[in-house]
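Worksheet for the structure shown next.
The values are calculated or read from the model by the stated rules, or taken from the named source; none is laboratory data. As the structure is a prediction and not an experimental result, all values here were calculated from the model. All Cβ positions, even for glycine, are placed from backbone atoms using ideal geometry, and neighbour counts span all protein chains on display.
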Amino acid sequence: MTIGIDTKARLLFAACLLASTIAGAIWYSLSLDQYATYHVYTREPVSGLMAQAPVEFHGIEVGKVKSVRLVNAQMVDILLSIDKTAPVNGATVATITSRGLATRGFTGYVFIALENIGIDSGQLAPRPGDRYPAIPAAPSKLVTLDTAISQVNDNFQAVTALLTSILDKPTVASLKQSAESLQKITQAMAEDTRKLDTIVANTERASQRFAPLMESTDESLRALQTQVLPESYRVLADLDNLSTSLTAVANKINRDPSVLIRGTATQRGPGEKP
C-alpha cells in the first residue's frame, strides 16, 4: 500500500503537534514543580489587584497572583504562585502595595510584596480545611492617585464643614467689628506718631536754644565769682570792723557815762585822785 504525499504531510503535522503537546505538558508539569501555592487572607481593600499581578520578595519578582476571590463580606482570598526557591517561611508577611499613580492602566499597578519581619524560620502549614498554607497579611499600602484625591476631597469637605460651623453670622459680625476697631486703633496710633514727631522736633529746637543760654549763665556765674563775691566779702569785713568798734564804744559808755559829757577821759596828773 502506497502512502500519498498528502497523507505523509498530515501524519507529519500530527506528529509535530503531538510532540509539541507532550513537550508543553512536560514543561507545564516541570514548572508546576518549581512553584508553590499559598493563600493570603485579608480584610483590606484589594482594588486594582488582578490575576497575573507580580509577587515580589524584597523587590525581586518571585511569582504571580493566580486568583482573587471574595470569601464573604469582610474577607478576600488571594491565591499566590511563588517560586519554591523564595525564602517563604513563618516570618513572611504579604502586603498589598501599589506602584505608580493609579490602580489600573499604564500609569501603575498593584502587586503583592513579601518580606520577613520575624525570626520564625519554620515552614508554613495549611490551615484546617485549606489545601495550601496561608501567608499572614500586613496592612496594605495602596497610596494611589485616585485614593489620594478621594482623601483630599474628604479632608476638604471636613474643613469646609468645620469653617461653616465656626464662621456663623454672629462670628463673622464679631470679626468684622474687630477688624474695624483694629483699623481705628491703627489710625489713632498713626496720629499719635505724628504728634510724637512734632514733640521731638520742638524738643530738638529747644535744646539748640538752650545751649547759648547755658553759655551766658556760665559767664554770669564767672562774673559773680570774680567781681561781686570779693567786693561783698570786703563790705562784710568793713561792717564787721565797724560793729566791733561800736561795741567797744558802747562798753566804754557803759562803764563811764560821763564820757558822753566830757568826751574821752584824759590821763590824770600827779597827785590827782580819781
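Tabulated data for the structure shown
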quantity: Tabulated pairs, region 39-54, first modelled with pLDDT of 90 or more, second basic (Lys, Arg) and not in a strand (DSSP E or B), C-beta under 8 angstrom, 6+ apart or interchain; calculated: His39/Arg127
quantity: Complete set of residues in region 111-131 that are touching a Pro at 6+ places or on another chain (Cβ under 6 Å) and more than 23 Å from Pro45 (Cβ to Cβ); calculated: Leu124, Ala125, Pro126
quantity: Of all residues in region 117-158 being at pLDDT below 80 and among the polar types (S, T, N, Q), the one that is farthest from Glu56 (Cα to Cα); calculated: Asn153
quantity: Output for region 70-84, where each listed residue is farther than 15 Å from Ala137 by Cβ and charged (D, E, K, R); calculated: Asp83, Lys84
quantity: Only one of Ala173, Ala161, Ala188 that is modelled with pLDDT of 80 or more, of a type outside the set (S, T, N, Q), more than 30 Å from Phe57 (Cα to Cα) and out of contact with any helix residue (DSSP H, G or I) (no Cβ under 8 Å at 6 or more places or on another chain); calculated: Ala188
quantity: Unmet requirement for Thr7, which otherwise passes all of (1) part of a helix (DSSP H, G or I); (2) at pLDDT 85 or above; calculated: (2)
